[in-house]
Amino acid sequence: MLSLRRPVRLSRDASGTLVLDDDLRVLRVVDGADRVLEVVAQLGGTADGEDLVRRLVRTPEDLPEVAGGVAQLILDDVLVPTGATGRAARTVVLTVVGDVDTTAVARALAADGADVVGEGVPGASLAVVICHDHLDERLVEALQQHRERGLAVLLVRTGVTRCWVGPLLPPAPDTGAGGPDESGGGPSTGGPASTGVCPACLDQQLRRNGDGPRPAAVDGAVVVPAGGQGSARRATAAAVAAVVDALLDDGPGVRSTWAAQVREYRLHDLDVVRHPVAGCAQVARPAGADDAAGGSDAFLERVAPLVSALTGVLAPVTVRRASGGQVLAETSHPVRRRDSAAPDGLGWERAPAWGCRESATDARAAAVGEALERYCVSWHGDEPHERASAAELAERGESFLRPQDLLLFGEGQRAAGAAGDGEPVPDELPAGLRTDVSPLVSAVTGERWWVPSAAVHFGHPDLAAARCCRPDSNGCAVGPTRPAAVLAGLLELVERDAVALWWWPRALRPGVDLDVLGPAGARRAREAFARQDRDVWLLDLTTDLAVPVVVAVSCRSDGTDVVCGFGASVDLASAARRAVQECGQVLACLEFGVVGGPAEGWARRSVHDEPYVLPDPTRPSTGLADAAPGRAGERTGDRGLDAEADLAEALSRLAGRGVDVLVQDLTRPEVGVPAVRVVAPGLRPWHRRLAPGRLVLAEEAANPWPPPV
């Protein structure tokens, strides 16, 4: 490769001789060098040998003249060899977005031998865009303009105490027909796209994750005092110059590395995640086509490209081992919330997600799964939906699920405006209100239903519909396969229905032998809770649905500090194992102070005040021989393979009690992991909701079990 040393102006004098003017000198170019220089200038200041030969050599006799012209221009310090044969062109375009002092950066670049020029000057191969705020609305346009000029673009955000350098955005290649290819990949030849991120994707993910880490401070004051801020800026400028120097040298792998990372100087590196967003021309992973069997390791490997603190769906997962031996994993994710400060009343904020298991791998997978389901249930705007009212759907003969059919508040609760525990009651949805509606499909009959999008998505923008809805994550799940995700969501609904029918009537339930976990599992559970000076026991919450539900209850040796964990599965042993895991997670979260409110209030309870948390002394404990038939002995150990058979079994049991199961596909193309919301009309949430049905009957009954239906 050959590049112009610096930007030049070309003209011809009266005799037709080519004249070069580069502000430092005027040079007359002759003897074949003029033809070479004109071609290099036409190509934007950079050309490779093949281009020159193809354009200038028509016969073998032309070759010596062209070679001599190239050599003369190198000797005259007009052209500089680049790429594998020499040092890269040192011209850098420096662009500022926002109120940023770039004096220190410009000086550092010049000290490293780079020629810093303004926009539109030919001969550069790299643009450096410096901003003070990643969320500046002018940033995307600045990045894209440079890419369309054929420049790679290095994004830099400067601050006094921190400096973020990267990512490197590739030039927008010419497709040969329709202009630049917005995919960030190569020309449209049918080959794979580049791994570089495009400005639109980067901007969307930055906005979802906020403005990144805040400057370090002590008692609200910036760590670096005013007298030392000049030195701090020079230090960060030197770091930027070092990166630019490496990119200009263009060594093997340098540019591909910087295309995939942000380096936060003085702290740590942050990966850049490339996952397309709505409206982006980059090729997205097809929704619903990513089923893949496998355990926790395989699941974590699939979602690894989504992990980045700055641009990812998931923040890096951290793990801690609790005193009981359980591993608590924690991550965070963007979730859509109502925000009065945002222009449209909506915004993205980060929310935590946890997972607790015996192994770090399983704990990580549990935390990641919870985070992804909350991200997928947020409203993005590109989900399948229509605009219609309940009345219009009825005229079309379509089935419609009203928000009140999901929330199940009783008439008395609606009249009072509250559920009795302080929970406000939403308005009823007017039949004529036109709003976005989302499709669900019955897993039992295949029938299509519609539900207001505001009832099943966080942060839907329709405020009128939102007054009538209260979306939550109940029944939402992700999994390695779609059946695994549907099963997980369905079991959560069954579990919470059983908890409501136990908790609110204060119903005594039979115990479950801890040995249902198996000899080794029971021993580990006893030892884990004993290390925390706690007892643990199990209760059978299984209802008329015949899907085993178990609660693990733990307290101090004096009966105080009660905590619970719940689990459901098609077999009793798996339900018990999940309940013990969740109980351990609650204890670990309390130990590390990562949850508060309800969990802490629950922990203040005592078995002396809440006798229904103890096994019913009038009934024998449930063991494996007494449990509903399951598949415990047939399991393969592969969640994806087991899930399909388990789901069929669970659907069969619910269908036998007249319960329909509706599924909404939440799978997002940038995530690529199956995600669903499962709705089972009539099953109770674990809140006290008194619409006619299961909970009312259970509360009114004198504790026979199962409750009359």
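How large, in percent, is the carbon and sulfur part of the accessible surface of region 1-43 at a probe radius of 1.4 Å?
Details: 1140 of 2310 Å².
Carbon and sulfur atoms account for 49 percent of the accessible area of region 1-43.
Could you list log10 I(q)/I(0) for region 493-598 at q = 0.13, 0.15 Å⁻¹, which the Debye formula gives when each Cα is one point scatterer?
Once normalised to I(0) and log-transformed, intensities are -0.45, -0.60.
Quick check: with the 1.4 Å probe, what order do 667, 445 take by accessible area, largest first?
The residues order as 445, 667, largest area first.
Using a cut-off of under 18 Å, list every residue of region 31-61 whose amide N is near the label point 7 Å from the Cα of residue 254 along the Cα-to-beta-carbon line.
Taking a point 7 Å out along Cα→Cβ of residue 254, the residues of region 31-61 whose backbone N falls under 18 Å are 46-47.
Provide the FRET efficiency to the nearest 0.05 for the residue 319-residue 527 pair, computing r from the beta carbons and using R0 = 25 Å.
Numbers: r = 21 Å, r/R0 = 0.82.
Once rounded, the FRET efficiency stands at 0.75.
Quick one: Cα centre-to-centre distance for region 396-417 and region 438-460, in angstrom?
Cα centres, region 396-417 to region 438-460: 15 Å.
Would you list 591, 38 from the most to the least accessible area, probe 1.4 Å?
Values: 591 85, 38 60 Å².
Reading off the accessible areas and sorting them downward yields 591, 38.
With only Lys, Arg, Asp and Glu charged, each at its Cβ (+1 for the first two, -1 for the last two), find how big the charge dipole of region 415-508 is about the Cα centre; round to the nearest 20 debye. It would help to have the intermediate numbers written out before the result.
Working: 7 positive and 11 negative charges, 34 e Å.
Roughly 160 debye, rounded to the nearest 20.
Per residue, how many Å² of accessible area does region 403-455 show with a 1.4 Å probe? Don't skip to the end; give the middle numbers.
Numbers: 2240 Å² over 53 residues.
Counting only protein heavy atoms, the per-residue value for region 403-455 is 42 Å².
Any idea of residue 571's accessible area? Nearest 10 Å², probe 1.4 Å.
10
Take the Cα of residue 31, step 7 Å along the line toward its Cβ, and report every residue of region 47-80 whose backbone nitrogen sits under 15 Å from that point.
64-77
Quote to one decimal, in nm, the extra length available between residue 444 and residue 63 on full extension: 0.36 nm per residue of separation minus the C-alpha distance between them. Write out the running numbers ahead of the final one.
Details: separation 381, 0.36 × 381 = 137.16 nm, distance 7.64 nm.
Full extension from residue 444 to residue 63 adds 129.5 nm.
Given the peptides 484-493, 39-48, arrange them by the average over their residues of other C-beta atoms within 10 Å, most packed first. Display every interim value, and only then the final one.
Working: 484-493: 25.6, 39-48: 18.8.
My ranking of the peptides, most packed first, is 484-493, 39-48.
Note down the nm distance, to one decimal, between modelled labels 7 Å out along Cα→Cβ at residue 618 and at residue 261.
The answer from the label model is 6.8 nm.
In the full protein assembly as shown, how much of residue 348 is accessible to a 1.4 Å probe, in Å² to the nearest 10?
For residue 348, solvent-accessible area is about 60 Å².
Gain in length, residue 359 to residue 55, computed as 0.36 nm per residue apart minus the alpha-carbon separation, to one decimal in nm? Could you put the intermediate results ahead of the total?
Working: separation 304, 0.36 × 304 = 109.44 nm, distance 6.39 nm.
Between residue 359 and residue 55, full extension yields an extra 103.0 nm.
The values are calculated or read from the model by the stated rules, or taken from the named source; none is laboratory data. Bear in mind that the values here come from a model prediction, so they are computed numbers and not experimental data. Neighbour counts are summed over all protein chains in view; Cβ atoms, including those assigned to glycine, are modelled from backbone coordinates with ideal geometry. Surface accessibility is based on the protein's heavy atoms, side chains included, excluding ligands, DNA and RNA. Shrake-Rupley method; radii C 1.70, N 1.55, O 1.52, S 1.80 Å.
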